[in-house]
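Coordinate-derived values only; no laboratory data. Because the structure is predicted, anything quoted here is derived from the model rather than measured. Heads up, the Cβs are rebuilt from the backbone with ideal geometry, glycines too, and the neighbour counts pull from every protein chain shown.
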Amino acid sequence: MSDYRGVPVVDHELGRRVAPTQPGSRMARRAAAATPPPPGDHPPRGHRSGKGGGGGQTKMRVLAWVSIGMTSVMVAGALTAYTAYRDAFGNINEKSVKEDILNPRPPDTGALNVLLVGSDTRAGEGNAKYGQQLARTADAGGKRTDTIILMHISPDRDKARLISFPRDSMVQIPRCKNEATKQEMAPRRDMINSAYNSGGIACTMTTIEQLTGIRVNHFVEVDFSGFKNIVDALGGIEICLKSGVNDKASKLVLPPGKSLLNGEKALGYVRLRHYGDGSDIQRIKRQQIFLSKVVAKATSSELLTDVGRLREFIAAAAGSVTMDPELANDTEQLIQIATSAREMTANGVQFTTVPWVPDPKDTNRVIWKEPDATELFTAIKTDTEEAKPTPTASASAKPKVTVKPEQVKVQVLNGTKTPGRAAEVADMLAKQGFNVVGVGNYEAPDGQSLAKTAVHYAKPTDMATAGADTLAGSVLPKPAAEQGKVAAIGAQAYAATAGVAATATTAKSTPVTQLVIGEDFDSVKVTKLPDSVQNSTITASEQKNVCT
């Protein structure tokens, strides 16, 4: 059971399509959409389940940016007067997709994860005037999405992060049902937005779950007309441009500087392509900034205390979204989202684009930068605990000692039969600031793999028990902390792998805490995200006076 570093490396450079364009360009997206899908994987024509009649093809990509903010805030004012707005909730369109998800689903962690998806189809009343001629045909040239966002609200409902997945990401699409024929489609490598093209929201949900390991609790879709109604109900949204715009494609003419956009102009702004460097990544950032302004205005006391405006806003929002029935009919859940939206400070809302690099197989596409993307997803998966109130200490009680990760010396031992586990976990801990000093193996008395991960410390001193608590609190599932260290086999000094920064050396007197890896080990909680994630994240409170 030697502990070498020969851990398999996952190849994330998946599939490709060729188009002589820049990454994320309009031509690239249309060319990709024109590429014949796999057998039996043709875009559905006019299909929609649930209520809402013929509006099923009226969903649009950028509306996903606004949808959850609207869904949250439309019930915020109803927290004290729900009956006054009850009728508006009945206007929410519903669509059930649970029966169409074929793959095993990740566990629920207590957080709330909502998938926001929109399509650029122009079918449906009020939407056909947008886009190219192909988009105005009876079936709108097929169903596509180039906005996929996962909204994560922490278990405490006090923080939110919205993760945007670049539409041209090359990924592994799992087996899915064709939305129109209900026939199973084989797994394939393709652009991430192809999951929606053929398999609809169910395939998109299971694709995100399989790629990230994050449970998607609910979904939200929106339409063109609803987007405009929502912006108008808010009294418009102010944006700022570094240079003027005169773009026929998005039907938008704006001067440089600040402009207050009504619904029609806002739609042109979020669809704007011929601006800046023309990239999809830059457009995503403009949409993120726009949504931050929507969230700020929708949660303002100015709206929430104006009964007439609030009623108009709720009606516009409710009639503009499609949700799974579990969310649409769960008033308590909606109010919980609303409560978090109202109580969340602007600093608690962040917008992140999955870190990416050009696909070396096709520079018109992108792949996710690893291990950075996985660390972002792990941060979401490991955000599992609600804060517990601190017990009031008596005057005579001794204050509890707490220590930071960098104050904890750790020896990681592999108690499983999987080679490389100790070094792998040691790197995870080092990235989160722990002072890892050694690795090795542990042999259970019965010679079998250890079933449960455990933390061991030598003497019951304040520093030893505090260090054990800090370490145990950073591991999932949380292991028990036990007094008495175990014998290490093949112990050696820890040497960080490339890309893992060395941690500061702690005092020589600091006791060493052992982490013995068992078969149940899942992950180390990620609280320190890599620079690429930080650089692709914006905070809502910082966008008030930003010009794009």
Computed FRET value (nearest 0.05) for Ala480 with Asn246, which takes r as the C-beta separation and R₀ as 56 Å: 0.30
Efficiency of FRET between Thr181 and Leu102 - r from beta-carbon atoms, R0 25 angstrom, step 0.05: 0.95
Relative contact order %, the stretch 405-524, counting alpha carbon pairs below 8 Å whose residues are six or more apart: 43 percent
Alpha-carbon radius of gyration plus Dmax, which is the widest Cα pair, for the stretch 192-248 in Å: 17.1, 43
Pairwise centroid distance, computed over Cα atoms, of the stretch 274-310 with the stretch 416-436, Å: 41 Å
Compactness relative to 2.2 N^0.38 Å, alpha carbon Rg of the stretch 405-524: 0.95
Fraction of beta bridges assigned by DSSP in the stretch 405-524 that are antiparallel (%, nearest 5): 35 percent
The stretch 199-314 - percent relative contact order, Cα under 8 Å, separation 6 or more: 21 percent
Cβ-derived FRET efficiency at R0 30 Å, Val307 paired with Gln333, nearest 0.05: 0.80
Linear extension gain, Asp531 paired with Gln282, 0.36 nm per residue minus alpha-carbon span: 87.8 nm
Protection-proxy order for peptides 539-546, 471-478, each taking the mean of Cβ atoms within 10 Å per residue, highest first: 471-478, 539-546
Entries of Lys265/Lys544; Lys369/Lys431; Lys381/Lys478; Lys159/Lys409; Lys98/Lys285 with Cα pairs more than 23 Å apart: Lys159/Lys409; Lys98/Lys285
Packing-based ranking, highest mean first, of 183-194, 364-375, 479-490 given that Cβ atoms within 10 Å are counted: 364-375, 183-194, 479-490
